[in-house]
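Some notes on the structure that comes next.
The values are calculated or read from the model by the stated rules, or taken from the named source; none is laboratory data. Computed from a predicted model, the values in this text were never measured in an experiment. Ideal geometry is used to build each Cβ from the backbone, glycine not excepted, and the neighbour counts take in all protein chains shown. Areas reflect the complete protein model, heavy atoms only, side chains present, ligands, DNA and RNA absent. Shrake-Rupley method; radii C 1.70, N 1.55, O 1.52, S 1.80 Å.
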Amino acid sequence: MLKFVVIAIAGYFLFKLIMGDKRKKAETISQKNKDLAAEGIMIKDPVCGTFVPKDTDIRVKQGSDVHCFCSYECRDTYVKQLEEKQG
Ligand SMILES: [Zn+2]
């Protein structure tokens, strides 16, 4: 599922590049995501680094921290890593 999304996004930006929009758009979106992350609207998926909306359903509460994930695959990976750390 994530691969499909990445391919779709990559294809979109490739299309934009071909249309003469250059990389500026990608940089703008990247910056926008960082701004949203700074405002607490978007949260970075700790597994793959994707920015996801804070109100996503795919989340793990760990003490006072809440981690949000782009997919159940990433969430499971994170939970497994936690379990390994805890032994
Ligand atoms: Zn992810």
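Key figures for this structure:
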quantity: Criterion (out of contact with any Asp or Glu (no Cβ under 9 Å at 6 or more places or on another chain), closer than 30 Å to Glu83 by Cβ, without any contact (Cβ under 8 Å) to a residue 24 or more places away in the chain and away from the ligand (no atom under 16 Å from the Cβ)) met by exactly one of Gly40, Gly49, Gly11, Gly20; calculated: Gly40
quantity: Residues (surrounded by 12 or more Cβ atoms within 10 Å (Cβ to Cβ) and farther than 23 Å from Val66 by Cα) located in the stretch 7-51; calculated: Ile9, Tyr12, Phe13, Lys16, Leu17, Asp21, Lys25, Ala26, Ile29
quantity: Residue in the stretch 52-69 that is farthest from the ligand (Cβ to nearest atom), counting only those that are open to solvent by less than 40 Å² (accessible area, probe 1.4 Å) and in a loop (DSSP other than H, G, I, E, B); calculated: Thr56
